[in-house]
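Novice: Structure below; questions to follow.
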Amino acid sequence: MKKIETEFLIIGSGPGGAAASERLLNSKKEVLMIEEGSDFSCNSFKLNPTDEMLNMWKDAALSPAFGIPSITYAEGKCVGGGTEINSGIIQRVPEEVLNSWSKLSKIDGEYYLKAIHEDYDFIEKKLNASILQDRRNMHSEMLKKVAGLNSWKIDSLPRALKGCTCYEPLCNCGGRQSMTKTFLEDAKKDNAFKLESNTKAIKINFKKNKALSVLAEKKINNTKEKIEIHFKHLCLSAGTINTPFLMMKSGLNFKGLGNFQLHPTIRVLARFKENIEAMKERLPDVAITEFMPHIRFGGSVVSPAIFGMNLSESWEKRSHLANKLNNLASYYVMIKPLSWGKISKFAFINSPFVSYRLKKEDFSNLNKGLIELSKGLFELGALEVHPSIKNHEGWFSRKDLDKNEPVNKIRKKFNLMSIHLFSSCSPLNNFENLLDFGRVKKVKNLFIADGSTLINAPGVNPQATIMAVSRRNAESYLEKVNG
């Protein structure tokens, strides 16, 4: 078995791991980063979305969180993580949420009131987060008009783009400022940094209160090579699902570990008389925030495949839309849930079992969001509106909304998804073992730097906050190491 030694080992190369590596390298530390997925450039699969789904998303972006209904969630599986394939939206958590986090934090509540904004400033500058207004976007204009007709509050959505020359919903021209274009590109220039892709952490070996080594498996063509990595310090950045699952597999388990949250999201398809050309436009650059902190509306990523999935939910009622794709717009209703899910490990099973059961209040907020957004779309002139509910007949006028079935009768048919997962190692779950700064009480040379350490659901895109908190966690750990 091949053996490797390093000072700091980071497991995972997404926004959390990349942000932590920047702090460690700036402090002149030796860093080895391992990533289960492959190393692709941002436009590797520009002409082949199917290959992108299969190669850059875990489980082709169709991982299930079992429940009633189940929720499909998506995680990146490549160097740079989800930042290589997401929309690049960079948002700050609302002050209302930061204030609540400050009160819930047991050690460093002041961080969420002030210092986090310094980290936000750094990240926004590094990723060139900005609002793009270089040409009219009908998909975005429709959402703004809905807000205007109802005097609803909206927020602009800065995106991590630089020199983008395409107008696709997800930038595929190389302008996306993902981790491989920013933090990891800089890291690779440092001789103290090494990245091993296609390398999956299998187990952490512990001795008393210290992590000693990680058993990993490197995929080389069609073969797998076992590697034992020894280190002085370990940073877990494997993501909300895999960070706690790796701890569980390694024998480190305690009450509350693996309890997590996500943003339950449901799509809404609307047909207009006008040509929207949503598949040829960037994502809408605003979100409707009138019903925050619990409910949020925005523009959804669109493609022939996604439209196809929307139509298949109720083919008899929606098949006529197959010839009207240019007239379709796709939006979403997203909620900040009260419910928590669970990541579990079962004997003799090498994959996590993920479950999520929504509370009554969550269904009520989803239903309220669907009705309010659909009312706005009809006021704007929508000819028909179809929520992502299996076998739903669709709404063809505002009057149809009054006939909506009670949510308790149709909630099993809700087709929910999420790309935002977090808080599986939150201090809220176990104040005795899960500490602030991503620290685990039982292991003195380990810290966590990913979305799993967020206090609870932020209610907005979490990437910037994951990066900010991961920088904070790395800095805190370095202060401890350096005395």
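Novice: Under a 5 Å amide H to amide H cut-off, with H placed in plane at 1.01 Å, what residues pair with I89 once short-range neighbours are removed?
Specialist: A160
Novice: Which pairs break 27 Å Cα to Cα here: K219/K480; K58/K375; K194/K444?
Specialist: The answer is K219/K480; K58/K375.
Novice: Give me the net charge for the shell around D121: Cβ to Cβ below 13 angstrom, other residues only, Lys and Arg +1, Asp and Glu -1.
Specialist: Working: positive: R92, K114, K125, K126, R471; negative: E118, D119, E124.
Value of the local net charge: +2.
Novice: In whole Hz, with x marking every Gly and Pro, tabulate ³J(HN,Hα) for the stretch 244-250 from phi via Karplus 6.51 cos²θ - 1.76 cosθ + 1.60, θ = phi - 60°.
Specialist: Per residue, the Karplus-derived 3J(HN,Hα) values read x, 5, 5, 4, 4, 4, 8 Hz.
Novice: Near the amide H of S314, under 5 Å away, which other amide H atoms are found, from residues 5 or more places off or on another chain, if H is placed in the peptide plane?
Specialist: The list, which skips near neighbours in sequence, is N391.
Novice: Select one label from (i) 33.3; (ii) 25.2; (iii) 23.0: the one whose number is Kirkwood radius over Cα pairs in Å as derived from the coordinates shown.
Specialist: Calculated Kirkwood radius over Cα pairs in Å: the matching label is (iii).
Novice: Over the chain, what is the mean sequence separation of C-alpha contacts under 8 Å (at least six apart), divided by residue count, expressed as relative contact order in percent? Can you show the working numbers first?
Specialist: Working: 1096 pairs, mean separation 112.7, N = 483.
Value for the chain: 23 percent.
Novice: OK, next. In degrees from 0 to 90, rounded to the nearest 10, what is the angle of the helix 138-150 Cα long axis to the longest principal axis of the chain?
Specialist: The angle comes out near 70 degrees.
Novice: For the stretch 381-444, what is the convex hull (Cα atoms) projected area averaged across all directions, in square nanometres?
Specialist: Working: hull surface 31.7 nm².
Directional mean of the projected Cα hull area for the stretch 381-444 stands at 7.9 nm².
Novice: So, counting K/R as plus one and D/E as minus one, what does the shell of residues with Cβ under 14 Å around K399 add up to? Mind showing how you got there, number by number?
Specialist: Working: positive: K375, R398, K403; negative: E379, E384, E393, D400, D402.
Charge balance in the 14 Å sphere: -2.
Novice: Please give me the summed charge of the neighbours of K145: other residues whose Cβ is under 12 Å from its Cβ, Lys and Arg +1, Asp and Glu -1.
Specialist: On the way: positive: K144; negative: E141, E274, E379.
Cβ neighbours under 12 Å give a net charge of -2.
Novice: Still on this structure, please answer the following. Straight-line reach from K360: which aspartates and glutamates have Cα under 20 Å away, leaving out those fewer than 8 places along the same chain?
Specialist: By straight Cα distance, K360 reaches E372, E405.
Novice: Additional query: With a ≥ b ≥ c taken as the square roots of the eigenvalues of the C-alpha gyration tensor of the stretch 180-229, please select rounded if a/c is under 1.5 and otherwise prolate if a/b is larger than b/c or oblate if it is not? Each step should come with its number before you reach the end.
Specialist: Working: a/c = 2.99, a/b = 1.32, b/c = 2.26.
Verdict is oblate for the stretch 180-229.
Novice: Determine ³J(HN,Hα), in whole Hz, for all residues of the stretch 399-412 in sequence, where each value follows from phi through the Karplus function 6.51 cos²θ - 1.76 cosθ + 1.60 and θ = phi - 60°; x replaces Gly and Pro.
Specialist: 4, 4, 5, 6, 8, 4, 5, x, 4, 5, 8, 10, 4, 5
Novice: I'd like the Karplus ³J(HN,Hα) series for the stretch 64-75: coefficients 6.51, -1.76, 1.60, θ = phi - 60°, whole numbers in Hz, and an x wherever there's a Gly or Pro.
Specialist: x, 9, 6, x, 10, x, 6, 10, 7, 10, 10, 9
Novice: Let me ask another. What number, in percent, do you get for the relative contact order of the stretch 360-482 if the mean sequence gap of Cα pairs under 8 Å and at least 6 apart is divided by its residue count?
Specialist: Values: 122 pairs, mean separation 20.9, N = 123.
Relative contact order for the stretch 360-482 comes out at 17 percent.
Novice: I've got another one for you. Provide the packing ranking of 228-238, 464-474, i.e. peptides ordered by the mean count of other C-beta atoms within 10 Å per residue, highest first.
Specialist: Numbers: 228-238: 23.2, 464-474: 27.4.
Top of the packing list down: 464-474, 228-238.
Novice: With a cut-off of at most 16 other beta carbons within 10 Å, and DSSP calling the residue loop, which GluC sites (Glu not before Pro) in the stretch 398-482 qualify? Please list them. All intermediate terms of the calculation are to be shown ahead of the outcome.
Specialist: Values: sites: E432, E475, E479; in loops: E432.
For GluC sites (Glu not before Pro) across the stretch 398-482 that sit outside H, G, I, E and B with at most 16 neighbouring Cβ atoms in 10 Å, the list reads E432.
Novice: Return one number: the angle in degrees, 0 to 90 and rounded to the nearest 10, between the long axis of the Cα atoms of helix 115-126 and the longest principal axis of the Cα atoms of the chain.
Specialist: Between the helix axis and the principal axis of the chain, the angle is about 80 degrees.
Novice: Sticking with this one: What is the helix-to-structure angle for 360-380, meaning the angle in degrees between its Cα long axis and the longest Cα principal axis of the chain, kept from 0 to 90 and rounded to the nearest 10?
Specialist: On a 0 to 90 degree scale, this one is about 50.
Novice: For a quick check: with amide H placed at 1.01 Å from N, whose amide H comes under 5 Å from G76's, ignoring anything fewer than 5 positions away on the same chain?
Specialist: K58, G82
Since every read-out is calculated from the coordinates, none of them should be taken as a lab result. Computed from a prediction, not measured in an experiment: that's the story for all the values here. When we count neighbours, we look across all protein chains shown, and the Cβ atoms used for this are built from the backbone with ideal geometry, even at glycine.
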